[in-house]
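Laboratory data are not the source of any read-out in this text; all were calculated from the coordinates shown. Keep in mind the model is a prediction, meaning the values are calculated, not measured. No Cβ is skipped: glycine too gets one built from the backbone with ideal geometry, and neighbour counts run over all protein chains shown.
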Amino acid sequence: MEDKKTKRSDKRRKTSTENGKRFTDLERNDESIQKDFFKNKQLTTRKFFYISPRKIIFKDTTMKRTHNCGQLRKEDVGQTVTLAGWVDRRRDHGGVIFVDLRDKYGKTQIVFNPDYNADVLKTAEQLRNEYVIYVTGKVYAREEGNTNEKLATGEIEVKADKLEILNAALTSPLAINDPNEECKENDDLRLQYRYLDLRRPWIQKKLLLKSRFLKAVYDFFYANGFENIETPCLCKSTPEGARDYLVPSRVNPGKFYALPQSPQQYKQLLMIAGMDRYFQIAKCFRDEDLRADRQPEFTQIDVEMSFVNQDEVMEMFDKFVTEVLGKVWNFEPPRHIRRMKWAEAMLKYGSDKPDLRFDLEIHDVSEIGAKSNFGVFKNCVAAGGKIRGIAAKGCVDFTRKQIDELTAYVAKYGSKGLVWMRVKENDEVETQVGKFFTTEQLNELRDAVGAKCGDMMFFIAGPEKIAATAMGQLRLEVARIKGLRDPKKREFVWITEFPMFEYSDTEGRYMAMHHPFTNPLPEHLDMMLGGNLKDCNAEAYDLVLNGVEIGGGSIRIHNPEVQEKVFRLLGLSEEQVKTKFGFFVDAFKYGAPPHGGLAFGLDRVVATMEGEESIRDYIAFPKNTSASSPMDQCPSEVDLQQLQDIHISVQMPKGNEKK
């Protein structure tokens, strides 16, 4: 037994020696050393290596961290400490080398001084950015005038008397140590080297903030009697919303799983199972076009409760905002968040996600416009359309170029024109279409939108949905131009009583505005059962923060007859219902409690609380706008045998065939 151990030990020493010889006499500042190192796949992974002034030698590390790089303070002066991390920056000053050593906790200045330890200085001469090192030394107070107020450790420095270089590093393609929170590199380069991008302290802070938020989420739900229960990631495809990501089954040829767009049906089944209060940090997948706030895979804070009504669910999440968001971001939200009906939001703000950080309300002026001789207004109202207007405060000096740009902007949202009027001195209204209005009608328009001297009025006429949406977008654009959004302000609002259905011109039928499991308002149930889908509203609610929907939910249908009726109203045949939702409908026949819930987009909540539009930097390894990962080149082609194993053949679209 002893002989075998000796042989293994000799073999390890021999391998280490051979690896060391491989790099003997290579100059440290020659980048080919680094490239050779990374190409050499035979190097043992069980040992660290360090680099002497003339060669690379393998050595087991015996050092152990005593502190992290963001921990030391003035009261630690005199201690001997050991730190580990990455070389953030190296500076040479008159034979003395200064190194900023970085880890996820912060940075500490390390000093290599020939008067303190000449041998260590000689090794430190080989250091380059992103080398991984261990350093032991004594903590000293920095001399007066040399402190750095930007660093938590800026009052001290560590004078090194021992250094181990654990790993070399190629020159980084990313400017990791750039103090500005701006990336000069293009997005795909950042994603290709995401593991380097993640070394940036300001990127790490985003992930650490998200982690801290998640801990608070778990604490809140456990404290309020919820159980954390996992639901399947391989489930049945029910393509009623976005496209599913499909997974072929090897053992069931010709059949497919879908990755869940949400755990919606499973969490409702858990309520039928009697679990009462459920939550889950759920992975969800949607095959849809990407935007700044969307990813093909995302994380959802998913919640469901039994024996509750809409008020009880919303009150629970009022509490969530106070006890979780308020504590993590250190602010005081309102204990009871404002509520607004969907119809009011669309009228006043032209959006079901209103940004309430500024006023600039929209007004309906259809009756006034219909009385004028302006054909655009008269004909619009006669055809059943609406006229919406706003008073842009202090915008009387908008140039013709700016007005033309705004006209082109609202055209993207279906508007066929933009009528403008200036309110001059003595509250007189000036407009190019003034000949079609009496002075009294112009004054009525001015008073209806609340315009004063120095304001500009804008009006959009068209079908109600287009007039509302286009004016809502104009409202946001004027706010951007005038700087009306306060980035420090957080305005929450619940949007309630959404339409149960919306008509799809593409599909030629009514679709569920949320999903087909949403309960109608109790007072609208008979209306829905009678077939009036246009005016039927739902017990649905969204939580909006600064114009961004951060969460949404509803009270669910728990009556199997009502659920089947909704499926019929959506145009699904009995056979289609049985095929797609048969198991789900059957479960309701065994006694389903009233239940409801809500889901938050985890990354969207954090990004919005931080005042950012993009969620990507809050995800460790996100995809780009092509739903691809430049780092690991996914999605990628697979071996033909793998396709054959799952009984799949690939037919490329025209133009995408391999040359």
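Couple of notes before you dig in:
- Remark: C-alpha extents of the range 528-575 on the principal axes read 42, 21, 17 Å, sorted largest to smallest.
- Were the residues from residue 344 through residue 184 laid out at 0.36 nm apart, the gain over their Cα-Cα distance would be 53.3 nm.
- Label reach from residue 141 (point 7 Å along Cα→C-beta): in the range 88-115, amide nitrogens under 18 Å belong to 109.
- In the structure shown, the pairs 386/465; 378/435; 64/122 are assessed against 18 Å; a Cα-Cα span above that value is assigned to 64/122.
- For the chain, the longest principal axis of the C-alpha atoms and the axis of helix 464-482 are separated by about 50°.
- Whole-angstrom gap from the range 523-548 to the range 423-462, using each part's C-alpha centre: 36 Å
- Overall dimensions of the range 490-581 by Cα: Rg and Dmax, Å: 14.2, 48
- Alpha-carbon radius of gyration plus Dmax, which is the widest Cα pair, for the range 170-276 in Å: 20.9, 58
- To the nearest ten degrees, helix 400-411 and the longest principal axis of the Cα atoms of the chain are 90 degrees apart.
- Cross-link pairs exceeding 32 Å between alpha carbons, from the set 162/210; 236/416; 236/589; 341/371; 327/534; 184/341: 162/210; 236/416; 327/534; 184/341.
- Close amide-amide hydrogen proximity is noted between residue 227 and 277, 278, 279, each under 5 Å apart and 5 or more residues distant or on a separate chain (H modeled in the peptide plane; Pro and chain starts excluded).
- Where only C-alpha atoms are counted, convex hull volume of the range 265-346 per residue in Å³: 167 Å³
- Plainly put, the range 74-167 has a radius of gyration that is 0.92 times its Kirkwood radius, both from alpha-carbon atoms, as the Rg/Rh ratio.
- Order of 217, 247 - criterion: other Cβ atoms within 10 Å of each residue's Cβ, fewest first: 247, 217
- With the convex hull of its Cα atoms as the shape, the chain has an orientation-averaged projected area of 43.2 nm².
- Neighbour-count ranking [beta-carbon atoms within 10 angstrom, fewest first] of 634, 453: 634, 453
- Taking a ≥ b ≥ c as the square roots of the eigenvalues of the Cα gyration tensor, the range 358-484 is classed as oblate, since a/c reaches at least 1.5 and a/b does not exceed b/c.
- ³J(HN,Hα) computed for each position of the range 505-515 - Karplus, 6.51 cos²θ - 1.76 cosθ + 1.60, integer Hz, glycine/proline x: 5, 5, 7, x, 7, 7, 10, 6, 5, 9, 8
- In sequence order, calculated HN-Hα J values of the range 624-641 (Karplus, 6.51, -1.76, 1.60; Hz; x Gly/Pro): 8, 6, 9, 6, 10, 10, x, 5, 10, 6, 10, x, 9, 5, 10, 4, 4, 5
- Angle between the chain longest axis and helix 560-569 axis [Cα atoms, degrees, rounded to 10]: 80 degrees
- Positive dipole terminus of the chain, leading residue within 105, 529, 234 (C-beta point charges): 105
- Dipole magnitude of the chain about its Cα centre (Cβ charges: Lys, Arg +1; Asp, Glu -1), debye to nearest 20: 2740 debye
- Here the calculated FRET efficiency for residue 428 and residue 167, from their Cβ-Cβ distance with R0 = 60 Å, stands at 0.20, rounded to the nearest 0.05.
- Placing one equal scatterer on every Cα of the range 356-422 and applying the Debye formula, the log10 ratio I(q)/I(0) at q = 0.11, 0.28 Å⁻¹ is -0.31, -1.29.
- D_trans [Stokes-Einstein, Kirkwood Rh over alpha-carbon pairs] for the range 311-375, 10 °C, 1.306 mPa s, µm² s⁻¹: 107 µm²/s
- Sorting 595, 524 from the fewest to the most surrounding beta carbons within 10 angstrom yields 524, 595.
- A compact globular protein would have a Cα radius of gyration near 2.2 N^0.38 Å; the ratio found for the range 133-221 is 1.47.
- Mean separation of Cα contacts under 8 Å, 6 or more apart, over the residue count of the range 122-206: relative contact order %: 28 percent
- The chain, helix-only ellipticity at 222 nm - DSSP H runs n ≥ 4, -39,500 (n - 2.57), divided by all residues, nearest 500: -9000 deg cm²/dmol
- ³J(HN,Hα), Karplus 6.51/-1.76/1.60, whole Hz, each residue of the range 575-591, x for Gly, Pro: 5, 5, 4, 5, 5, 8, 10, x, 4, 6, 5, 4, 4, 5, 6, 9, x
- Inter-label distance, nm, simple model (7 Å from Cα along the C-beta direction), residue 219/residue 440: 6.6 nm
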